[in-house]
Amino acid sequence: MPWITNVLVVANVTATSPELMAALSTKARSGPVRFRLVIPSSPTGGRQVAEQQLADTLERLRSAGLDVEGTVGSIDPIVAISDEWDPQRYDEVILSTLPMGVSRWLHAGLPERVQRLTGASVTHIVSHPAKPSPQGGPGPEHPKLGVMSPLSVLGWGRPRDP
C-alpha cells in the first residue's frame, strides 16, 4: 500500500485562485495525496459566507480530480490552523495568501507563525484575487441641460450680436 500524503490547506479569498489550483494539482501528480481545506470565517460575512465559499471551492477542486475535504474555521487563521492541526494526521501545510501589499495574513507573519506552530513543511502560495468581469454595455446617459449648459457661462457679459 503506497504512502498517502495528507496536506492541510489554508486559504480564504484565494481558495479558488489559479495559483493554488495549480499547486494542488502539481502536488497530486507527485503521488497519492489527500487535502483538507480550512477556510477561516469571513470577517465581513461571517460563517455563512465562509461555508458557501467552502462548498463552491470543494466542488471546483473535486471536479479537478483532487481528493479533498474541508471545514470552516475560526475567523483568526492561526486559531483555525491550531484547531485543525494534528502532527499524526498531516504531513505538511499549504498556505495561500494575497500578495504582500494587500494580505493581512502576511502582515501578521502567518507563514512563519504556522511553521513554528506545526513544525511541518509550510508551502506559501501567493495568489492574486480574481478580477471581476467587466460589466459591458453603454455608459450612463447624461441629461440634456438645454439653454444653461456648463459652458454657457463663458458667454456671460459678452455683447450680443444684433
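The values are calculated or read from the model by the stated rules, or taken from the named source; none is laboratory data. These figures come from a predicted structure and were not determined experimentally. What goes into the accessible areas is simple: the full protein's heavy atoms, side chains included, and nothing from ligands, DNA or RNA. Shrake-Rupley method; radii C 1.70, N 1.55, O 1.52, S 1.80 Å.
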Item to check | Under the Debye formula (equal points on every Cα, no solvent term), log10 I(q)/I(0) of segment 65-129 at q = 0.12, 0.21, 0.22, 0.27 Å⁻¹ | outcome: -0.31, -0.96, -1.04, -1.38
Item to check | Space enclosed by the convex hull of the alpha-carbon atoms of segment 1-135, per residue, Å³ | outcome: 114
Checklist outcome for this item: Sorted by accessible surface (1.4 Å probe, heavy atoms of the protein chains only), largest first, Glu92, Glu69 come out as Glu69, Glu92
Checklist entry - segment 4-64: D in µm²/s via Stokes-Einstein (Kirkwood Rh, Cα pairs, 10 °C, 1.306 mPa s)? => result 131
